[in-house]
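Enquirer: Questions regarding the structure given below will be posed in turn.
The values are calculated or read from the model by the stated rules, or taken from the named source; none is laboratory data. Quick caveat: nothing in here was measured; it's all calculated off a predicted structure. Cβ placement follows ideal geometry from the backbone for every residue including glycine, while neighbour counts extend to all protein chains displayed. For accessibility, only protein heavy atoms count, side chains too; no ligands or nucleic acids. Shrake-Rupley method; radii C 1.70, N 1.55, O 1.52, S 1.80 Å.
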Amino acid sequence: MRDEDVIVLEEPQLSAAERLYLPQILDGVKTTLRHTFSVKNRKQVVRQYPEDTRQGRGELRLANYRGVHRLNKDPDGRVACVACFMCSTACPAHCIHIEAGESPWPDREKYPVKFDIDELRCIYCGMCEEACPVDAIELTPNYELVGLTRAEMIFDKEKLLQVYEETKDVKPRKNPPVTDYGLTGGQSKDVAQPNVERKV
Amino acid sequence: MPGIASWVERSVRAAGEWNLNGMSTLLVIFLVLGATGLFLALPGTRGGWRPVGMALLVAAGILLVFVLADFALGRELPIWFGGCALVALFAATRVITHTKPVYSALYFVLLIVAVTGLLLLMSAEFLAAALVIVYAGAILVTYLFVIMLAQQARLAPYDARAREPFVGCVAGFVLLAIIAAQLLVAPSGVGAEPTVEEAAGTVEAVGTLLLTDYIIAIQLAGLLLLAGMVGAIAIARRQAADSTPQNGGVD
Amino acid sequence: MKSILYDKTTQAIENTLRNPLVLIVAALVLGAAALVPLWMLFPYYRWLLSDPFWFPIIVMGVMLKVILTSTAVCILAERKLASFTQDRHGPNRVGFWGLLQPMADGLKFFLKEDITPANVDKPIFMLAPVLALITALIGFAIIPWAGDVHWPWMPEGEVVRTQVASLNIGILYMLAVGSLGVYGIVLGGYASNNKYSFFGGMRATAQMISYELPLGLALLSVLLVSGTVRPELIVDTQATTGMWYVFYQPIAFFIVLVCTFAEANRTPFDLAEAEQELVGGFHTEYSSMKFAMFFLGEYAHIVTGSAIMVALFFGGWHCWGLTSAADTSWIGMLIKLNVYFAKVAAFVLFFMLIRWTIPRFRFDQLMRICWLGLVPLGIALLAGTAILVALGWQHNLWASLGMNLVLLVLTLIYTARSTVPVTGRQTDLPEIQVRPA
């Protein structure tokens with residue numbers, strides 16, 4: 001760093017009233033009092049949570065919100081996951097545990113025998129959703145996640161599929177892209193766009 | 001000077017009338033017990049003997065209760081007086097026998113509160129309030145401040161050992177013996193019941209006295225404090241000026 | 001997904017308690033349950049009420065109860081006011097408008113684990129919160145709550161005082177107790193064996209010793225005007241003349257107000273518990289009831305400070321046309337008591353409003369305000385008041401106001417001419433000498 005880079009800031013000179021400090025305090029009290037008596041302001045800003053939810057007000061961006069995970073089902077009602085381990089590799093919190101098995105269906109090689117997500121370890125970053133090649137795992141707008149034990153908070157495959165059933169009306173499954181094994185559901189033939197070359 | 005002369009004369013006569021009967025026997029036992037106990041209890045190298053010293057001090061305290069009770073009989077001293085006095089003695093003993101300086105300071109606070117109680121019993125209310133404000137409120141808080149700033153992880157050598165415990169104990173208890181002899185052996189002398197004037201301790205009375213009879217004294221005290229303050233500021237200023245050049249440079 | 005912790009039963013209990021009717025009925029039933037035995041036993045204890053020895057003890061018990069309850073209410077008020085200034089609602093779940101929140105808070109404090117960390121200085125660690133609470137509470141002894149009262153069954157002309165102790169050192173007692181108040185905080189900070197707590201304690205010591213000076217000076221100015229140190233006489237004088245001392249000595253009131261903020265460790269002077277720098281300051285290591293005692297002590301300190309200021313500057317129980325010193329009936333006493341409480345409550349709310357308005361001072365600013373601002377102002381005020389007293393004009397409103405105005409103008413001139421910025425940002429540090437490379 002050179003000397004020219006240093007910006008010397010002069011302390012602003014205070015007026016006599018500011019030096020006395022009291023008028024400024026009264027000014028501050030005026031602001032505080034204004035807020036104290038503005039009922040309208042606080043009614044607008046604050047939501048009384050259990051009765052009045054963001055979802056209920058329609059303020060939640062359903063497509064973007066990163067809440068509890070779900071495992072999507074394809075139109076045939078089968079679990080859409082192909083047990084490729086992309087999500088558990090991408091997961092920075094190592095909270096996804098998958099055990100793969102031979103798929104009983106002809107359109108894919110593997111399927112998840114076990115699929116556990118530790119919701120207490122999860123940091124809700126959405127990397128699993130980004131990584132999933134078949135859009136099988138998704139984060140839902142559901143944020144009311146409570147439990148009485150730690151074991152209860154490890155969601156298995158059935159639980160995650162059930163979350164899908166509960167939330168599919170609020171947030172329908174995205175159009176899944178094509179894999180080498182053909183469509184895993186949906187009608188779109190869109191192929192994911194390759195990344196635009198990044199400028200350095 | 002005649003006051004001192006008569007006091008010496010009275011002391012000599014009291015020493016002449018000294019007998020080891022009744023009260024005086026108890027008193028002598030108390031003094032010996034107390035001196036030995038205090039000597040052993042003072043922090044020093046006599047590690048194993050400290051509990052013995054404490055026990056001796058407790059015994060001396062119990063003895064003192066009897067001495068005081070006997071002394072107070074017929075003199076209509078309120079029981080609060082004895083209570084405050086005992087608490088003050090206990091606190092004073094702990095101030096010098098405790099090895100941790102913070103505890104010593106706290107026992108000093110307790111001592112001052114107890115003495116405040118004694119002053120209140122003697123209707124010296126202004127003095128009591130002033131004692132608490134000045135000593136407990138300002139001086140000892142400053143003591144605590146310094147003690148805490150200078151605290152060490154382990155016991156400092158000057159805290160762990162009392163300096164000259166033997167000479168101190170002997171001198172203190174000889175003095176105590178002389179005073180107690182005056183009080184007990186010649187009860188009509190200095191030990192006479194003080195006549196307490198109810199209004200003498202109020203703010204008005206003290207203020208009037210200070211600003212009329214003792215105006216010179218209070219002006220002198222004010223001057224002394226002013227000189228002390230000026231001196232403190234002068235010392236602090238010079239040190240600050242000296243220390244700046246060394247700390248100002250940046251390498 | 002269904003919430004497990006917010007089930008139907010919880011909701012039902014909550015909703016019942018939030019019904020104002022339920023609360024009113026419960027209050028009436030509990031009040032009746034307390035009042036009926038009091039009423040039935042009245043003939044047996046009424047001699048206590050007219051006894052000059054026992055009546056102060058009853059006053060003490062009642063007031064202790066009132067103060068401890070009021071600290072709980074203060075905490076609710078503080079949280080509500082804090083929320084309102086920040087456009088929030090504050091606690092509103094427990095009971096109607098959150099009114100039962102203090103009970104919930106108290107229960108929580110009792111049920112929390114009381115942790116004594118390893119390596120603390122245990123006896124002092126235990127002693128500190130007790131000292132903090134006690135020194136805050138015993139200040140109430142000299143407050144003249146409602147003047148004299150004459151019970152109907154007492155002989156004609158006899159009265160008892162609604163004051164725990166009528167000391168002839170009065171305000172000096174207040175100063176003495178206030179100066180002991182620092183021990184709780186300092187010892188708490190020391191015993192915790194924690195650097196942050198320790199710094200909190202150190203700051204509190206320096207701050208309290210410093211701010212006792214201007215407090216004493218300003219109180220002396222008022223005592224010069226009143227000519228007595230007994231708070232009950234000060235209040236009686238204000239009530240009979242109808243002129244509160246705040247009209248005579250507005251600057252003294254301002255200094256006492258600022259110092260009370262500092263002595264009670266309230267924002268903007270709460271450096272001893274500055275969260276950003278010192279975690280929690282002196283009470284970092286405290287939990288459960290020990291922490292609650294510090295907490296109660298702080299609020300009790302505020303209430304005591306407010307009550308003293310009301311007695312000294314705002315006429316105590318006096319209100320024009322509503323109360324008078326001559327009215328010694330027990331109804332008059334109740335009215336006086338409520339007037340006093342209303343004034344104290346106004347002060348407490350003001351304390352809270354300031355807390356949520358002004359940010360905390362830096363420590364050197366704090367010291368500069370005291371030693372370069374309040375102490376010279378206090379000395380000048382004391383000198384001015386002494387001159388007024390010497391001229392015999394201390395009860396002349398215009399002379400007193402003129403003296404205060406002159407002081408204000410002098411302060412303005414001084415601050416306007418001073419070249420040192422109020423923030424004091426590194427103006428007196430030596431220039432840094434950089435050695436050439």
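Yes or no, residue by residue, for (1) more than 24 Å from C:Leu175 (Cβ to Cβ); (2) part of a loop (DSSP other than H, G, I, E, B); (3) not hydrophobic (A, V, I, L, M, F, W, C):
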{"site": "C:Gly305", "(1), (2), (3)": "no, no, yes"}
{"site": "C:Met309", "(1), (2), (3)": "no, no, no"}
{"site": "C:Gly316", "(1), (2), (3)": "no, yes, yes"}
{"site": "C:Leu322", "(1), (2), (3)": "yes, yes, no"}
{"site": "C:Ile331", "(1), (2), (3)": "yes, no, no"}
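Enquirer: Would you check if there is a residue in region A:144-156 being surrounded by fewer than 19 Cβ atoms within 10 Å (Cβ to Cβ) and under 15 Å from the mean Cα position of the chain (by Cα)?
Expert: Filtering region A:144-156 for residues surrounded by fewer than 19 Cβ atoms within 10 Å (Cβ to Cβ) gives A:144-154, A:156.
If we keep only those that are under 15 Å from the mean Cα position of the chain (by Cα) as well, we get A:144-145.
Checked region A:144-156: at least one residue is surrounded by fewer than 19 Cβ atoms within 10 Å (Cβ to Cβ) and under 15 Å from the mean Cα position of the chain (by Cα).
Enquirer: Here's something else I'd like to know. Which of the residues belonging to region C:10-45 are hydroxyl-bearing (Ser, Thr, Tyr) and touching a helix residue (DSSP H, G or I) at 6+ places or on another chain (Cβ under 7 Å)?
Expert: Initial filter on region C:10-45 (hydroxyl-bearing (Ser, Thr, Tyr)): C:10, C:16, C:44-45.
C:Thr16, the sole residue that qualifies.
Enquirer: Of the residues that sit in region A:109-132 and are touching a helix residue (DSSP H, G or I) at 6+ places or on another chain (Cβ under 9 Å) and among the β-branched types (Val, Ile, Thr), which one is least open to solvent (accessible area, probe 1.4 Å)?
Expert: Here the answer is A:Ile117.
Enquirer: Looking at the structure I just gave you, is A:Ala83 touching a strand residue (DSSP E or B) at 6+ places or on another chain (Cβ under 9 Å), on the phi > 0 side of the Ramachandran plot, more than 9 Å from chain C (Cβ to nearest Cβ) and surrounded by 10 or more Cβ atoms within 10 Å (Cβ to Cβ)? Break it down into steps so the answer makes sense when it comes.
Expert: Working: touching a strand residue (DSSP E or B) at 6+ places or on another chain (Cβ under 9 Å): yes; on the phi > 0 side of the Ramachandran plot: yes; more than 9 Å from chain C (Cβ to nearest Cβ): yes; surrounded by 10 or more Cβ atoms within 10 Å (Cβ to Cβ): yes.
Here the answer is yes, as A:Ala83 does meet what is asked.
Enquirer: Tell me which of these C:Ile124 doesn't satisfy, since it passes every other one: (1) in a loop (DSSP other than H, G, I, E, B); (2) within 14 Å of chain B (Cβ to nearest Cβ); (3) over 26 Å from C:Gly315 (Cβ atoms).
Expert: (1)
Enquirer: Same structure again: Looking at (1) part of a strand (DSSP E or B); (2) loosely packed, with under 12 Cβ neighbours inside 10 Å, which is the one condition that is false for A:Pro92?
Expert: (1)
Condition check ((1) modelled with pLDDT under 80; (2) surrounded by 17 or more Cβ atoms within 10 Å (Cβ to Cβ); (3) part of a helix (DSSP H, G or I)) across all residues:
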position: B:Ile4; (1), (2), (3): yes, no, yes
position: B:Trp18; (1), (2), (3): yes, no, no
position: B:Thr25; (1), (2), (3): yes, no, yes
position: B:Phe66; (1), (2), (3): yes, no, yes
position: B:Glu76; (1), (2), (3): yes, no, no
position: B:Phe90; (1), (2), (3): no, yes, yes
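Enquirer: How many of the residues making up region B:124-158 are assigned to a loop (DSSP other than H, G, I, E, B), over 20 Å from the mean Cα position of the chain (by Cα) and either within 22 Å of C:Ala176 (Cβ to Cβ) or among the hydrophobic types (A, V, I, L, M, F, W, C) (or both)?
Expert: Quick first cut of region B:124-158, residues assigned to a loop (DSSP other than H, G, I, E, B) only: B:124, B:150-156.
Imposing the further condition that a residue be over 20 Å from the mean Cα position of the chain (by Cα) reduces the set to B:150-156.
In the following step, the residues that additionally are either within 22 Å of C:Ala176 (Cβ to Cβ) or among the hydrophobic types (A, V, I, L, M, F, W, C) (or both) were identified as B:150, B:153, B:155-156.
The qualifying residues number 4.
Enquirer: Something else: Quick one: in region A:25-44, which of the residues that are of a type outside the set (D, E, K, R) and open to solvent by 80 Å² or more (accessible area, probe 1.4 Å) is modelled with the lowest pLDDT?
Expert: Start the filter on region A:25-44 by keeping residues that are of a type outside the set (D, E, K, R), which leaves A:25-26, A:28-29, A:31-33, A:35-39, A:41, A:44.
Okay, now just the ones that are also open to solvent by 80 Å² or more (accessible area, probe 1.4 Å), so A:26, A:37, A:44.
Numbers: A:Leu26: 88, A:Phe37: 88, A:Gln44: 80.
Only one residue fits best here, namely A:Gln44.
Enquirer: Within region C:158-167, restricting attention to residues that are of a type outside the set (A, V, I, L, M) and open to solvent by less than 30 Å² (accessible area, probe 1.4 Å), which residue is farthest from the other protein chains (Cβ to nearest Cβ)?
Expert: Start the filter on region C:158-167 by keeping residues that are of a type outside the set (A, V, I, L, M), which leaves C:158, C:161-163, C:166.
Pick out the ones that are also open to solvent by less than 30 Å² (accessible area, probe 1.4 Å) and you get C:162-163.
On the way: C:Thr162: 22, C:Gln163: 16 Å.
The extreme case among them is C:Thr162.
Enquirer: Scan region C:169-209 for residues that are open to solvent by 10 Å² or more (accessible area, probe 1.4 Å), in a helix (DSSP H, G or I), under 22 Å from C:Phe291 (Cβ atoms) and more than 8 Å from every other protein chain (Cβ to nearest Cβ) and jot them down.
Expert: The answer is C:Ile185, C:Lys195, C:Tyr196, C:Phe199, C:Arg203.
Enquirer: What are the residues in region C:30-56 that are open to solvent by 30 Å² or more (accessible area, probe 1.4 Å) and either in contact (Cβ under 8 Å) with a residue 60 or more places away in the chain or in contact with a Leu (Cβ under 8 Å, 6 or more places away or on another chain) (or both), if any?
Expert: Passing the criteria: C:Arg46, C:Asp51, C:Pro52, C:Trp54.
Enquirer: Yes or no: B:Gly189 in contact with an Asp or Glu (Cβ under 8 Å, 6 or more places away or on another chain), open to solvent by less than 50 Å² (accessible area, probe 1.4 Å) and modelled with pLDDT under 85?
Expert: Values: in contact with an Asp or Glu (Cβ under 8 Å, 6 or more places away or on another chain): no; open to solvent by less than 50 Å² (accessible area, probe 1.4 Å): yes; modelled with pLDDT under 85: yes.
For B:Gly189, the condition - in contact with an Asp or Glu (Cβ under 8 Å, 6 or more places away or on another chain), open to solvent by less than 50 Å² (accessible area, probe 1.4 Å) and modelled with pLDDT under 85 - is not met.
Enquirer: If we keep just the residues of region B:93-105 that are part of a helix (DSSP H, G or I) and touching a residue at least 24 places away in the same chain (Cβ under 8 Å), which is farthest from B:Leu176 (Cα to Cα)? Spell out how you get there, then give the answer.
Expert: Residues of region B:93-105 that are part of a helix (DSSP H, G or I), as a first pass: B:93-97, B:101-105.
Cutting the leftovers down to touching a residue at least 24 places away in the same chain (Cβ under 8 Å) gives us B:93, B:96-97, B:101-102, B:105.
Working: B:Thr93: 14, B:Ile96: 17, B:Thr97: 18, B:Pro101: 26, B:Val102: 27, B:Ala105: 24 Å.
Only one residue fits best here, namely B:Val102.
Enquirer: While we're here: What is the residue count in region C:50-94 for residues that are among the hydroxyl-bearing types (Ser, Thr, Tyr) and outside any helix (DSSP H, G or I)? Reasoning before the result, please.
Expert: Filtering region C:50-94 for residues among the hydroxyl-bearing types (Ser, Thr, Tyr) gives C:50, C:69-71, C:83, C:85.
Now drop any that are not outside any helix (DSSP H, G or I), which leaves C:50.
Qualifying residue count, region C:50-94: 1.
Enquirer: Considering every residue within region A:133-141, establish whether at least one is among the acidic types (Asp, Glu) and surrounded by fewer than 16 Cβ atoms within 10 Å (Cβ to Cβ).
Expert: Initially, region A:133-141 is screened for residues among the acidic types (Asp, Glu), giving A:135, A:138.
From what is left, the residues that are surrounded by fewer than 16 Cβ atoms within 10 Å (Cβ to Cβ) are none.
No, region A:133-141 contains no residue that is among the acidic types (Asp, Glu) and surrounded by fewer than 16 Cβ atoms within 10 Å (Cβ to Cβ).
Enquirer: Among the numbered conditions (1) open to solvent by 80 Å² or more (accessible area, probe 1.4 Å); (2) farther than 23 Å from C:Asn194 by Cβ, tell me where C:Thr85 comes up short.
Expert: (1)
Enquirer: How many residues are facing chain C (nearest Cβ under 9 Å) and either touching a Ser or Thr at 6+ places or on another chain (Cβ under 6 Å) or open to solvent by less than 30 Å² (accessible area, probe 1.4 Å) (or both) if we restrict to region B:107-129?
Expert: We begin by selecting, within region B:107-129, every residue facing chain C (nearest Cβ under 9 Å); these are B:109, B:113, B:116, B:125-126, B:128-129.
Still in the running and either touching a Ser or Thr at 6+ places or on another chain (Cβ under 6 Å) or open to solvent by less than 30 Å² (accessible area, probe 1.4 Å) (or both): B:109, B:116, B:128-129.
Result for region B:107-129: 4.
Enquirer: Restricting attention to region C:104-121, report how many residues are of a type in the set (D, E, K, R) and within 14 Å of another protein chain (Cβ to nearest Cβ). It would help to see each step written out before you state the result.
Expert: Here is the first cut: in region C:104-121, the ones of a type in the set (D, E, K, R) are C:105, C:108, C:112-114, C:121.
Pick out the ones that are also within 14 Å of another protein chain (Cβ to nearest Cβ) and you get C:121.
Qualifying residue count, region C:104-121: 1.
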